[in-house]
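What follows is a set of notes on a single structure, which appears directly below.
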Amino acid sequence: MFALDTVIIFLLLGLVVGFFAGLLGIGGGGIMVPVLTAFFLYKNVPVEYVVHLALGTSMASIIVTSISSMVAHQRHRGVIWSVVKIMVPGVLIGTFAATYIVSHISSEALATFFAVFMAYVSVQMFLNIQPKPTRTIPGNLGLTSVGGAIGAISAVVAIGGGSLTVPFLTWHNVNIKKAIGTSAAIGFPIAVAGTVGYLVNGWNASFKQDYLFGFIYLPAVLLISLMSYFTAPIGAR
């Protein structure tokens, strides 16, 4: 059985992640990865695997969160499906390919990249640079390429892509609420491709533990998802 404090940590994490996933169209990796990394270190997981497990577990937890958030935004007609449809192929390829690369990178390098990326996102939000009124959404090739880049970066930092998709769409003069809803929808294929990638590419890792599948720690996924499923619609509303 799992310690009560462990169960509480994962449930509270799911509560917070679900709310912000619905509110901002993100997957919640920016919140989950640091907490999960600290948890795995506390549980004496070898240092060379802590970030990989945090990334894989976070990505798998985003699946349920993204579904709940996507459905909630769709009820309010906040998803631009024409954009989602074009970006998904690039998203799937970019996300899965990046998980293979991640499996060959050290935890220290991954942690550094994660910190730098989050700092970039923070500065981007703080500056709040507005686009030119004439800027419009790119064509099919442009959207597919951007989808690939968003998927790849999302896999490396285990996010649902909202930190990239929302600014990209608003920069092309998409209404902020529709940008968030569309980002939530794109987060689902990112989460699925990322989960499969972290499962496959982490399967032969030398570190073994109960309930661990590849780079995915199943108990954390189930408990986080349990709460996020209910709190994501609250954030979306």
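A quick yes/no check of all residues on (1) within 27 Å of residue 84 (Cα to Cα); (2) over 14 Å from the mean Cα position of the chain (by Cα); (3) touching a residue at least 12 places away in the same chain (Cβ under 8 Å):
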{"position": "123", "(1), (2), (3)": "yes, yes, no"}
{"position": "135", "(1), (2), (3)": "yes, yes, yes"}
{"position": "161", "(1), (2), (3)": "yes, no, yes"}
{"position": "192", "(1), (2), (3)": "yes, no, yes"}
{"position": "211", "(1), (2), (3)": "no, yes, no"}
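Can you tell me which residue is modelled with the lowest pLDDT among those in segment 146-199 that are hydroxyl-bearing (Ser, Thr, Tyr) and closer than 25 Å to residue 37 by Cβ? Walk me through how you get there before you give the answer.
Pass one, segment 146-199, residues hydroxyl-bearing (Ser, Thr, Tyr): 154, 163, 165, 170, 182-183, 195, 198.
Now narrow it down to the ones that are closer than 25 Å to residue 37 by Cβ: 154, 163, 165, 183, 195, 198.
Values: 154: 89, 163: 79, 165: 88, 183: 88, 195: 94, 198: 93.
Checked segment 146-199; the qualifying residue modelled with the lowest pLDDT is 163.
For segment 57-76, the condition of being open to solvent by 30 Å² or more (accessible area, probe 1.4 Å) and either farther than 28 Å from residue 175 by Cβ or not in a helix (DSSP H, G or I) (or both) holds for at least one residue.
If you check residue 225 against the conditions, is it farther than 22 Å from residue 114 by Cα, open to solvent by 10 Å² or more (accessible area, probe 1.4 Å) and among the small types (Gly, Ala, Ser)? Before the answer, list the steps.
Values: farther than 22 Å from residue 114 by Cα: yes; open to solvent by 10 Å² or more (accessible area, probe 1.4 Å): yes; among the small types (Gly, Ala, Ser): yes.
In short, yes.
The residues of segment 83-128 that are open to solvent by less than 10 Å² (accessible area, probe 1.4 Å), of a type in the set (S, T, N, Q) and farther than 14 Å from residue 193 by Cβ amount to a single one, 107.
On the given criteria, is residue 95 in contact with a Phe, Trp or Tyr (Cβ under 6 Å, 6 or more places away or on another chain), part of a helix (DSSP H, G or I), within 21 Å of residue 225 (Cα to Cα) and not hydrophobic (A, V, I, L, M, F, W, C)?
Details: in contact with a Phe, Trp or Tyr (Cβ under 6 Å, 6 or more places away or on another chain): no; part of a helix (DSSP H, G or I): yes; within 21 Å of residue 225 (Cα to Cα): yes; not hydrophobic (A, V, I, L, M, F, W, C): yes.
Answer is no for this residue.
For segment 171-188, check the following and say yes or no: at least one residue is among the hydroxyl-bearing types (Ser, Thr, Tyr), under 15 Å from residue 61 (Cβ atoms) and crowded, with 21+ Cβ neighbours inside 10 Å. Steps first, please.
Here is the first cut: in segment 171-188, the residues among the hydroxyl-bearing types (Ser, Thr, Tyr) are 182-183.
Imposing the further condition that a residue be under 15 Å from residue 61 (Cβ atoms) reduces the set to none.
No - not one qualifying residue is present in segment 171-188.
Can you name the residue in segment 228-237 that is surrounded by fewer than 16 Cβ atoms within 10 Å (Cβ to Cβ) and of a type outside the set (Lys, Arg) and, of all such residues, is farthest from residue 14 (Cα to Cα)? So the residue we want is 234. Of all residues in segment 17-48, those satisfying the criterion of being aromatic (Phe, Trp, Tyr) and open to solvent by less than 40 Å² (accessible area, probe 1.4 Å) are 39, 40.
Can you name every residue in segment 190-204 that is in contact with a Leu (Cβ under 9 Å, 6 or more places away or on another chain) and surrounded by fewer than 21 Cβ atoms within 10 Å (Cβ to Cβ)?
Of segment 190-204, the ones in contact with a Leu (Cβ under 9 Å, 6 or more places away or on another chain) are 190, 192-194, 198, 202.
192, the sole residue that qualifies.
The values are calculated or read from the model by the stated rules, or taken from the named source; none is laboratory data. Note that the structure is predicted; figures quoted are calculated from it, not measured. Because the Cβ atoms are built from the backbone with ideal geometry, glycine has one as well, and the counts that use them run over all protein chains shown. Side chains included, ligands, DNA and RNA excluded: accessible areas come from the protein's heavy atoms. Shrake-Rupley method; radii C 1.70, N 1.55, O 1.52, S 1.80 Å.
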